[in-house]
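Enquirer: My questions all concern the structure below.
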Amino acid sequence: MLAEIEQDTEARMQKSVEVLEKELSKIRTGRAHPSLLEHITVEYYGSEVPISQVANVNVEDARTLAVTPWEKQMVQVVEKAIMTSDLGLNPATAGTVIRVPLPPLTEERRKELIKVARSETENSRIAVRNIRRDALQDFKDLLKEKEISEDEERKAQERIQKLTDRFIAAMDAVLEAKEKDLMAI
């Protein structure tokens, strides 16, 4: 019973770290990366789909992405979607290839992005603490129903706290790596 709760808690906390990594990967650094355009959707035969489902997105050089739509009529649609996105990018079309140059980040913009990254990390820490709270409540319920002893409950609480500390440290490491990445010129 306790092992099941601990395994579920660990899996949920691991998921929180993965979600944080995914969210932080969307925050743009000075380098080109195909995941920058992942969240942009385009109209394709009546439904909204991610750009990756209608085009190849490749890194051309350190500051340029090359987007190649699979169908010629999608070039204008994809270009407009990139232009109107929240990324502030200005794509340039050359035939069927859309080149997306990434302007260098200003110091002010880097600091704003670090604040966003820290906010995302704090939200993830809160999620991990909520998962811990749920697990501790499950232990209290088991104790109330006399399915475990007080010693077992206390030891399980200590293990959950160690798990929480480990995942929060992992989140801090992810944030630190992202901050270094953002501040690198």
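The values are calculated or read from the model by the stated rules, or taken from the named source; none is laboratory data. What you see is a predicted model; the values in this text were computed from it and never measured. As a convention, Cβ positions derive from the backbone with ideal geometry for all residues, glycine included, and neighbour counts pool all protein chains shown.
Enquirer: Exactly one condition in (1) under 11 Å from the mean Cα position of the chain (by Cα); (2) more than 24 Å from ARG118 (Cβ to Cβ) is not met by GLN7; state its number.
Expert: Failing condition for GLN7: (1).
Enquirer: It is to be established whether one or more residues within region 22-37 are modelled with pLDDT of 85 or more, under 28 Å from ALA177 (Cβ atoms), in the same structural domain as LEU163 (by TED's automatic domain parsing) and loosely packed, with under 14 Cβ neighbours inside 10 Å.
Expert: yes
Enquirer: Need the failing condition index for ILE98 against (1) outside any helix (DSSP H, G or I); (2) closer than 19 Å to ALA3 by Cα; (3) not hydroxyl-bearing (Ser, Thr, Tyr), just the number.
Expert: (2)
Enquirer: Within region 59-74, is there a residue that is free of Cβ contacts under 8 Å to residues at least 12 places away in the same chain and outside the structural domain of LEU20 (by TED's automatic domain parsing)?
Expert: There is at least one residue in region 59-74 that is free of Cβ contacts under 8 Å to residues at least 12 places away in the same chain and outside the structural domain of LEU20 (by TED's automatic domain parsing).
Enquirer: Among LYS155, LYS144, LYS162, LYS178, which is under 30 Å from THR68 (Cβ atoms) and not polar (S, T, N, Q)?
Expert: LYS178
Enquirer: Sticking with this structure for a sec: Can you tell me which condition ALA135 does not meet? The list is (1) surrounded by fewer than 13 Cβ atoms within 10 Å (Cβ to Cβ); (2) in contact (Cβ under 8 Å) with a residue 12 or more places away in the chain, and all the others hold.
Expert: (1)
Enquirer: Does VAL17 satisfy the criteria of being surrounded by 12 or more Cβ atoms within 10 Å (Cβ to Cβ), out of contact with any Gly (no Cβ under 6 Å at 6 or more places or on another chain) and either of a type in the set (Asp, Glu) or more than 17 Å from LEU182 (Cβ to Cβ) (or both)?
Expert: The answer is yes for VAL17.
Enquirer: Hey, any hits in region 85-99 for a residue that's at pLDDT below 85, touching a Pro at 6+ places or on another chain (Cβ under 7 Å) and closer than 30 Å to ILE168 by Cβ?
Expert: No: region 85-99 contains no residue that is at pLDDT below 85, touching a Pro at 6+ places or on another chain (Cβ under 7 Å) and closer than 30 Å to ILE168 by Cβ.
Enquirer: For region 15-51: of the residues being basic (Lys, Arg) and part of a helix (DSSP H, G or I), which is farthest from ALA81 (Cα to Cα)?
Expert: Taking region 15-51 and keeping what is basic (Lys, Arg), we get 15, 22, 26, 28, 31.
From what is left, the residues that are part of a helix (DSSP H, G or I) are 15, 22, 26.
Values: LYS15: 30, LYS22: 21, LYS26: 17 Å.
Of everything passing the filter in region 15-51, LYS15 is farthest from ALA81 (Cα to Cα).
Enquirer: Regarding ARG159, is this residue closer than 30 Å to VAL42 by Cβ and part of a helix (DSSP H, G or I)?
Expert: On the way: closer than 30 Å to VAL42 by Cβ: no; part of a helix (DSSP H, G or I): yes.
No; evaluated as a whole, the condition is false for this residue.
Enquirer: Among the candidates LYS80, LYS72, single out the residue that is loosely packed, with under 14 Cβ neighbours inside 10 Å and either in a loop (DSSP other than H, G, I, E, B) or small (Gly, Ala, Ser) (or both).
Expert: Numbers: LYS80 fails: either in a loop (DSSP other than H, G, I, E, B) or small (Gly, Ala, Ser) (or both).
Every option except LYS72 fails the conditions.
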